[in-house]
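The values are calculated or read from the model by the stated rules, or taken from the named source; none is laboratory data. A quick note: this is a predicted structure, and the numbers were derived from the prediction, not measured. No Cβ is skipped: glycine too gets one built from the backbone with ideal geometry, and neighbour counts run over all protein chains shown. Surface areas here come from the heavy atoms of the whole protein model, side chains and all, with no ligands, DNA or RNA. Shrake-Rupley method; radii C 1.70, N 1.55, O 1.52, S 1.80 Å.
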Amino acid sequence: MLHSSAYPILSHSISMAPPSPSCSTVHKVKRNLVMRSTWAELNGAMGDLGTYIPIVLSLTLAKHLNLGTTLIFTGFYNIVTGAIYGVPMPVQPMKSIAAVALADPTFSIPEIMASGILTGAVLLVLGLTGLMQLAYKLIPLCVVRGIQLAQGLSFALTAVKYVRKVQDLPKSSSLEKRHWLGFDGLILAIVCVCFIVIVNGAEEDHGCHRQDQDEDEEVVISRETQVRSKMRTMRRVFFSLPSAFLVFVLGVILAFVRRPRVMHEFKFGPSSIEVVKMSRHAWRQGFIKGTVPQLPLSILNSVIAVCKLSSDLFPGKDFSVTSLSVTVGLMNLVGGWFGAMPCCHGAGGLAGQYKFGGRSGGCVALLGATKLVLGFVLGSSLAHFFHQFPVGILGVLLLFAGIELAMASRDMNTKEDSFVMLVSTAVSLVGSSAALGFLCGMIVFVLLKLRDWTNGKPLNAIWKHEDPNERV
């Protein structure tokens, strides 16, 4: 029989026992999904829709992509990546594969899925073998910034095109100039832009962070006149509005107003999920036309650029290019067989969600849950609704996502780094190829370093492109 004095020692030893791995994993997942501010995270979830909706809708209308299956799988990906990384890690369609599919009539669903599966397989191998980590160490930051700047400017230019001209999304072409008035007119888009600029400003932090600062100042303000206190309160409430979410809700309302009969076109219940049959021809064409042009973009913008940008935006978060490469690979190896659109991460989506207030994994998990509900409840019939959604409003959301991504390149402090970055950007934009821009940027970078070496610089300074203390 134990003495009573042993009870405190026993209880102390029990309390000091290390937590089990399963408990620590559950605690980490909960911590990653905790939202700092519900409205801010909800607002941030809208930051990726400017690229997601146009691409998925275009492929649904032009290539009969299974929208319900895509919503279900991408929603699941959103929840899982949010739980793993604890940041608003986006899940976006693979843009190069989508562009080929919209431009080539012979590139149908089997070829799209084959190209996504093969791209995912290559990325998974690069991640597991450590080759992606090696590329991350060797590729200079200035070249990565050039690719980011090119992608951001490309988004911004596409956004302006969405706003200025009427779009034929299935054919990926612009038609006549957009009218000033109407439910998808220029005035509506301009008002939305002004509203977001006034609420969000040009700061990196969302209004919710200014709200915390205002609350700290409330004690001082309360000593002043009551009128100024009320004005400060109104200003605080206004600047904490979820601007992107309100703009998106406005688009939803206008979509129903433009065509009220769209309600009768909804069919309740999920779309049938079937295994896509892919012939040898589909595998061959998918690799040549889809995987080959998509791989450079996925490696640079979906893995390396995302890792660089996330380390800038979330210094306390610790994840590597290996994990990003593996998650992109697994996403496509799972969903591609069932007709889900090939997906990847993207620096533009991360920048857009951060711009509008996304700070945690709960941001994308909330978006993923919404996709799951829509996929299971409405399935592919939701395409009728999105076809009525004002494209100008999508352009507004895409504009701010592109600008936020382009602003990541402002940390180039030397003339040499800025020169390399701008060469990569110019070639990427003019040649419409991130791979070509990357190649030219690397050549210019190596030539400049060889020039420094011939001028007497030590060998250990030739490839110094980031701070030694920076996490890799």
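I'd like to check one number: the per residue accessible area of segment 318-432, probe 1.4 Å, reported in Å² as a whole number.
Accessible area per residue, segment 318-432: 30 Å².
Share of the chain's accessible area from carbon and sulfur, percent, 1.4 Å?
Solvent-exposed carbon and sulfur of the chain make up 68 percent of the total.
Under a crude label model (7 Å from the Cα following the beta-carbon direction), how far is Lys137 from Val334 in nanometres?
Taking the simple label geometry, Lys137 and Val334 are separated by 3.0 nm.
Taking the Cα centre of the chain as the origin and placing charges on Cβ (Lys, Arg +1; Asp, Glu -1), which of Asn43, Asn332, Val444 is farthest toward the positive end of the dipole?
Asn332
Which of Phe238, Ala305, Val191 sits closest to the plus end of the dipole of the chain, meaning its Cα is farthest towards the positive end, when Lys and Arg get +1 and Asp and Glu get -1 on the C-beta?
Of the listed residues, the answer is Val191.
Using +1 at the C-beta of Lys and Arg and -1 at the C-beta of Asp and Glu, which of Gly349, Ile139, Leu57 has the Cα lying farthest in the positive direction of the dipole of the chain?
Leu57
Just report the Cα centroid separation between segment 266-297 and segment 70-140, whole Å.
Result: 12 Å between the Cα centres.
Quote to one decimal, in nm, the extra length available between Ser432 and Ile253 on full extension: 0.36 nm per residue of separation minus the C-alpha distance between them.
Length gained, Ser432 through Ile253: 60.9 nm.
About its Cα centre, how strong a charge dipole does segment 18-169 have in debye, to the nearest 20, once Lys and Arg get +1 and Asp and Glu get -1 at the Cβ?
In total the dipole reaches around 440 debye.
At what distance in nm do the modelled label points of Phe268 and Asp452 sit from each other, each positioned 7 Å from its Cα along Cα→Cβ?
Calculated label separation equals 6.5 nm.
So what is the calculated 222 nm ellipticity per residue for the chain, using -39500 (n - 2.57) for each DSSP H run with n of 4 or more, over all residues, to the nearest 500 deg cm²/dmol?
Dividing the helical sum by the residues of the chain leaves -20500 deg cm²/dmol.
Where in the chain are the DSSP H helices whose C-alpha atoms run 27 Å or more along the long axis and whose mean Kyte hydropathy is at least 0.0?
109-128, 141-164, 434-454
Taking 0.36 nm per residue of sequence separation and subtracting the Cα-Cα distance, how much length would be gained by fully extending the chain between Thr106 and Phe238, in nm to one decimal?
Additional length available on full extension: 42.4 nm.
Based on Cβ point charges of +1 for Lys and Arg and -1 for Asp and Glu, what charge dipole magnitude is obtained for the chain about its Cα centre, in debye rounded to the nearest 20?
780
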